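The values are calculated or read from the model by the stated rules, or taken from the named source; none is laboratory data. The model shown is predicted, which means the values in this text are computed figures rather than measured ones. Cβ: placed from backbone, ideal geometry, glycine included. Neighbour counts: every protein chain shown. Surface accessibility is based on the protein's heavy atoms, side chains included, excluding ligands, DNA and RNA. Shrake-Rupley method; radii C 1.70, N 1.55, O 1.52, S 1.80 Å.
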Amino acid sequence: PTTITLLSTTDSHGHLLAWDYSTAKPAPYGLDKVATLIAQQRAAAPHALLLDCGDTTEGTPLLYYFVKKETGQPNPAIAAFNALHYDAMAVGNHEFNFGLPAMWKAKSESHFPWLAANLKQTYAPNDPGYIVPYIILTVDGVRVAIVGFVTPGVVRWELPENYKGYEFEPIPDAAQKIIPEARAKSDLLVVIMHSGIDHDPDHPERTVNHDPRVEGENAALQIAQSVPGIDVIF
């Protein structure tokens, strides 16, 4: 048997240091703390895959400053992800917040692919705005497909000019088409998605936070139950 170790983060929102910008005090979170956990896991599993589910390039005064003021400098969040050697990132809705030029700049600086399989886009593969649906990585002889999805809520929350050229397909519809294709090329299929679940199947009385104006915002449980071929969902 072969063991594949998968590590995942999500919604880092520019919290690179263990610092609370609203109180100007240390905080019990941040990528520098996560980096310690990643290093511990990689010591035991050097070939562990490190994945992220999006909302990476917006969220703190640090990122705002570098996007708006120091535009010629590298995006700090992407620099941190590069330093941690991420293998892939699903696109989050907040990646679109600062407009397409800023998003494409961050994407171009990434040493890892951005993934979103439910995007219908006018951009060609050689364009800076083109986002691939999935990748295949080989780990210890095992072909691992990494498929990404982004919430369709972008069109409800974002300025139209900030997603020009992208159309957001419902995640289940896209999954029905793309999962069999990726599965045929792989031994293990992992979904990384910027989306949640629409209800708690074990505790129906618990509510799940979602925007009622966005149909299909949280589709993870739906594709887990209805789309064969998925092994893991982050």
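One residue stands out in the stretch 125-139 among those that are open to solvent by less than 40 Å² (accessible area, probe 1.4 Å) and over 30 Å from residue 61 (Cα atoms): the one that is farthest from the chain's Cα centre (by Cα), namely 139. Among the residues of the stretch 202-228, those identified as more than 23 Å from residue 179 (Cα to Cα) and open to solvent by 100 Å² or more (accessible area, probe 1.4 Å) are 202, 204, 205, 206, 207, 209, 210, 212, 213.
Just checking, does the stretch 53-60 include any residue being open to solvent by 80 Å² or more (accessible area, probe 1.4 Å) and either at pLDDT 95 or above or under 22 Å from residue 193 (Cα atoms) (or both)?
No.
Among the residues making up the stretch 186-214, those that are in a loop (DSSP other than H, G, I, E, B) and in contact (Cβ under 8 Å) with a residue 24 or more places away in the chain are 186, 187, 195, 196, 197, 198, 211, 213, 214. The single condition among (1) open to solvent by 10 Å² or more (accessible area, probe 1.4 Å); (2) in a helix (DSSP H, G or I); (3) not small (Gly, Ala, Ser) that residue 47 does not satisfy is (2).
Kindly indicate whether residue 114 is touching a residue at least 24 places away in the same chain (Cβ under 8 Å), over 17 Å from the mean Cα position of the chain (by Cα) and surrounded by 14 or more Cβ atoms within 10 Å (Cβ to Cβ).
Details: touching a residue at least 24 places away in the same chain (Cβ under 8 Å): yes; over 17 Å from the mean Cα position of the chain (by Cα): no; surrounded by 14 or more Cβ atoms within 10 Å (Cβ to Cβ): yes.
No.
Can you tell me which residue among 150, 142 is open to solvent by less than 10 Å² (accessible area, probe 1.4 Å), in contact with a Ser or Thr (Cβ under 9 Å, 6 or more places away or on another chain) and hydrophobic (A, V, I, L, M, F, W, C)? One residue alone meets the criteria, 150.
Looking only at the stretch 1-41, filter to residues that are among the small types (Gly, Ala, Ser) and surrounded by fewer than 18 Cβ atoms within 10 Å (Cβ to Cβ); which one of those is nearest to residue 87 (Cα to Cα)? Of everything passing the filter in the stretch 1-41, 8 is nearest to residue 87 (Cα to Cα).
Based on what the data block shows, is residue 104 without any contact (Cβ under 8 Å) to a residue 40 or more places away in the chain and either surrounded by 22 or more Cβ atoms within 10 Å (Cβ to Cβ) or β-branched (Val, Ile, Thr) (or both)? Steps first, answer last, please.
Details: without any contact (Cβ under 8 Å) to a residue 40 or more places away in the chain: yes; either surrounded by 22 or more Cβ atoms within 10 Å (Cβ to Cβ) or β-branched (Val, Ile, Thr) (or both): no.
For residue 104, the condition - without any contact (Cβ under 8 Å) to a residue 40 or more places away in the chain and either surrounded by 22 or more Cβ atoms within 10 Å (Cβ to Cβ) or β-branched (Val, Ile, Thr) (or both) - is not met.
Would it be correct to say that residue 197 is closer than 23 Å to residue 9 by Cβ, among the β-branched types (Val, Ile, Thr), open to solvent by 30 Å² or more (accessible area, probe 1.4 Å) and at pLDDT below 95? Show your work before the answer.
Numbers: closer than 23 Å to residue 9 by Cβ: yes; among the β-branched types (Val, Ile, Thr): yes; open to solvent by 30 Å² or more (accessible area, probe 1.4 Å): yes; at pLDDT below 95: yes.
So residue 197 passes the test.
Taking first residues from the stretch 8-36 that are basic (Lys, Arg) and partners that are open to solvent by less than 70 Å² (accessible area, probe 1.4 Å), the Cβ contacts under 7 Å between residues at least 6 apart in sequence or on separate chains come to 33/18. Here residue 75 fulfils each of the conditions (1) under 29 Å from residue 232 (Cα atoms); (2) surrounded by 22 or more Cβ atoms within 10 Å (Cβ to Cβ) apart from (1).
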